[in-house]
Amino acid sequence: MKSSINTTMGGREWTILLTLSLLWGGSFFFIAIVVSDLPPLTTVILRVGLAALTLWGIVLVMGLRPPRSLEVWVAFFGMGLLNNVIPFSLIVWGHTYIASGLASILNAATPLFTIIIAGLLFPDEGITPNKIIGVVIGFGGIVVMFLSGLGEGKSTLAQIAVLGAALSYAFAGTFGRRFKRMDVNPIVTAAGQVTTSTVILAPMVFYIDGPLDFAKVGMDSWAAIIGLAVLSTAAAYVLYFKILETAGATNLLLVTLLIPVSAILLGSLVLGEMLELVHFAGMTLIAFGLWAIDGRLWRHRTAWHCESRFPALCCRAFKQGWPRRSNGYNQDR
């Protein structure tokens, strides 16, 4: 199915993007509530299991059919492992020792890792000077936050775990390119990957966490689990693919900057979490890094400088499509 991509987002696209950032930012808030009552793996399997039921319901309503190809289902298992099982587990465990706002900031490293991995694996997503500058600035922000947490034991390990989740998301983004070649509907892909994630997690949860003691789980935790599965996973996937289809991957990068804002606001207003100034400094560096990767800053500066000095020449150049840049960011969460 082909659709046009709007490089400049209108009100509808911005509304979807802001809603998506709230849903994904809310996932860090929901997890912060759940970790007090549920073990990490149990939390993850409830998240993906309920999300699978919700997404298959959407698939049926849309009149779509599950794929019958063994190759597609094997790819679902790979995608589920990289995009759900590994990152969800690491993030939930990390939440046990660090604030939800800090976890969301570290998660913003995902596109930085994606650009490096995709640039190394795929010729059509080569690493450009803009991307190199952006990655250096972004990782500078991560280093700033890490140095502030050194010597705090499991807090440092928790930050490493969340960064490991971001790295897994990056591999998932590159792995997920194959589903377009397989001509699988994106909503079916989302449903398939959370379904296979549930299958992968089931024996692990039984062996490591054991049976769930329902009596020890409070109503707040159950509400958070439902919000995590239905809103921050199933509904978020639907909006994610919608904005990807209408506005493209470059504009979708902006959600990575908005997620920490939602997570920090929810964490501070509802959970009473406090972040230090160094965490906001790190987030600012990550934001500038993503801005540089996106290339809009340089395009705007180039256009202004060019038009002010050589307006006639630049008009011809821009009408011919110069400068042309590719973002190279393709993430599926």
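How far, in nm, would the chain grow between K216 and V278 when pulled straight, counting 0.36 nm per residue and subtracting the alpha carbon separation? List each step's numbers first, then the result.
Numbers: separation 62, 0.36 × 62 = 22.32 nm, distance 3.71 nm.
Additional length available on full extension: 18.6 nm.
Please rank E71, E273, fewest neighbouring Cβ atoms within 10 Å first, as an exposure proxy.
E71, E273
Identify the residues of the range 213-228 with backbone N under 19 Å of a label point that sits 7 angstrom from the Cα of T96 along the Cα-to-Cβ direction, or state none.
Answer for this model: 213-214, 216-218, 221-222, 225.
For the pair M182 and I132, what calculated FRET efficiency results from E = 1/(1 + (r/R0)^6), where r is the Cβ-Cβ distance and R0 = 30 Å, to the nearest 0.05? Walk me through the numbers on the way to the answer.
Numbers: r = 32 Å, r/R0 = 1.07.
Efficiency for this residue pair is about 0.40.
Label points 7 Å out from Cα along the Cβ direction at L265 and R12: separation in nm?
Modelled inter-label distance: 2.4 nm.
How do S268, S27 line up, fewest other C-beta atoms within 10 Å first?
Working: S268 15, S27 29.
If I rank by nearby Cβ atoms, fewest first, I get S268, S27.
If we count other beta carbons within 10 Å of each Cβ, what is the order of F179, F29, F77, F214, fewest first?
Details: F179 21, F29 26, F77 17, F214 7.
Starting with the residue having the fewest Cβ neighbours, the order is F214, F77, F179, F29.
Rule-based calculations on the coordinates, nothing more; no lab input. Because the structure is a prediction, the values reported are computed rather than measured. Using ideal geometry, Cβ is built from the backbone for each residue, glycine included, and neighbour counts are taken over all protein chains shown.
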